[in-house]
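**Q** My structure is below; once you've seen it, I'll send some questions.
The values are calculated or read from the model by the stated rules, or taken from the named source; none is laboratory data. Owing to the predicted nature of the structure, the values given are computational and were not obtained by experimental measurement. All Cβ positions, even for glycine, are placed from backbone atoms using ideal geometry, and neighbour counts span all protein chains on display. Calculation scope for accessible area: heavy atoms of the full protein, side chains included, ligands and nucleic acids excluded. Shrake-Rupley method; radii C 1.70, N 1.55, O 1.52, S 1.80 Å.
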Amino acid sequence: MPTNFNDLLDGFHGYLDTVDSPLVRDAVAQIEWNMTARALAPHALPCLRHLDRIVELAPADARPLTRLLARRRNEFRWGQTYSVPDFGAAFLEKYGWLEVFGTRGHFANDEVAAGLLILGPGIVYPDHHHIAEEIYVPLTGGTEWRMGEGGFEVREAGEVIHHASNVSHAMRTAEQPLLALYIWRGGPLTQKSEITGTVEQGRA
């Protein structure tokens, strides 16, 4: 019997409704939330070990969603876009995402993809870009984010970070892991990003 993930979709939607941002409100309003569920085989990743710490770090409004993820972590299909030749094995140990809905998520949607990204502590997600517009809302703070030619800036939980189509961006974590909610729209929903930086450059 397929596992019911309606609480995941409801929790995801419910958190987005708390975000005070015209950009997020517009994105939420354009999503058809009555989606068809998919029966996907669970797939766990090493980065899930950081979920317990993420629950501790998350602010009160994000805690219900983070607790659900931690409690049911092994029921979901977590994925990775990259492989060892891209960034190395150490990166893959601390990286993964869960597509809640999209063309390969737990719920089917051909117009928009959305989910959650985990980055463990002490890694760099180097400069990359993609056609789709991307909206991020970190659910933990302290990660540094870079966009375009600018420098890294610390962003806090609940901030809205917007990457327009093909704008380069990067992230790097310090002592704490990152959990971030993302929304992709307006481009190929399964595109592998074009990498323009390196892990070493990201630390510079």
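**Q** Please work out the average accessible area per residue across segment 1-91, using the 1.4 Å probe convention, and give it in Å².
**A** On the way: 5050 Å² over 91 residues.
Spelled out: the 1.4 Å probe surface of segment 1-91, per residue, equals 55 Å².
**Q** Between (i) 16; (ii) 28; (iii) 35, which entry matches percent of Cα pairs over 29 Å apart as derived from the coordinates of this structure?
**A** Answer label, from the structure shown: (i).
**Q** Round to a whole number: what % of the accessible area of the chain belongs to carbon and sulfur, probe 1.4 Å?
**A** Working: 4560 of 9190 Å².
Carbon-and-sulfur percentage of accessible area, whole number: 50.
**Q** For a test of the definition: using alpha carbon positions, the gyration tensor, and the 1.5 limit on a/c, classify segment 121-204 as rounded, prolate or oblate. Before the final figure, lay out each step's value.
**A** Values: a/c = 1.83, a/b = 1.22, b/c = 1.50.
Note, shape of segment 121-204 comes out oblate.
**Q** Next up: How would Thr81, Thr66 rank on accessible area, largest to smallest, probe 1.4 Å?
**A** Numbers: Thr81 45, Thr66 0 Å².
Final ranking, largest accessible area leading: Thr81, Thr66.
**Q** So which residue, out of Pro85, Pro22, Pro59, gets the largest mean-square fluctuation from a GNM of the chain using Cα contacts under 10 Å as springs?
**A** In the Gaussian network model the winner is Pro85.
**Q** In addition: Which of the GluC sites (Glu not before Pro) found in segment 104-155 are in a DSSP loop and have at most 10 neighbouring Cβ atoms, other than their own, within 10 Å?
**A** Numbers: sites: Glu111, Glu133, Glu134, Glu144, Glu149, Glu153; in loops: Glu111, Glu149.
Here the sparse-neighbourhood loop sites are Glu149.
**Q** So for segment 88-204, averaging the separation of alpha carbon pairs under 8 Å that are six or more residues apart and normalising by length, what relative contact order in percent results?
**A** Working: 297 pairs, mean separation 39.1, N = 117.
Averaging sequence separation for qualifying contacts and normalising by length gives 33 percent for segment 88-204.
**Q** Each label point is 7 Å from the Cα along the Cα-to-Cβ direction; what then is the distance between the points at Ala164 and Ala41, in nm?
**A** 4.3
**Q** Restricting to DSSP loop positions (anything but H, G, I, E, B) with no more than 16 other Cβ atoms inside 10 Å of their own Cβ, which chymotrypsin sites (Phe, Trp or Tyr not before Pro) remain in segment 21-129?
**A** Trp33, Tyr82
**Q** Under the rule of -39500 (n - 2.57) per DSSP H run of 4 or more residues, summed and divided by the residues of the chain, what mean residue ellipticity at 222 nm is obtained, to the nearest 500 deg cm²/dmol? List each step's numbers first, then the result.
**A** Working: 7 runs with 47 residues, N = 204.
For the chain, the value works out to -5500 deg cm²/dmol.
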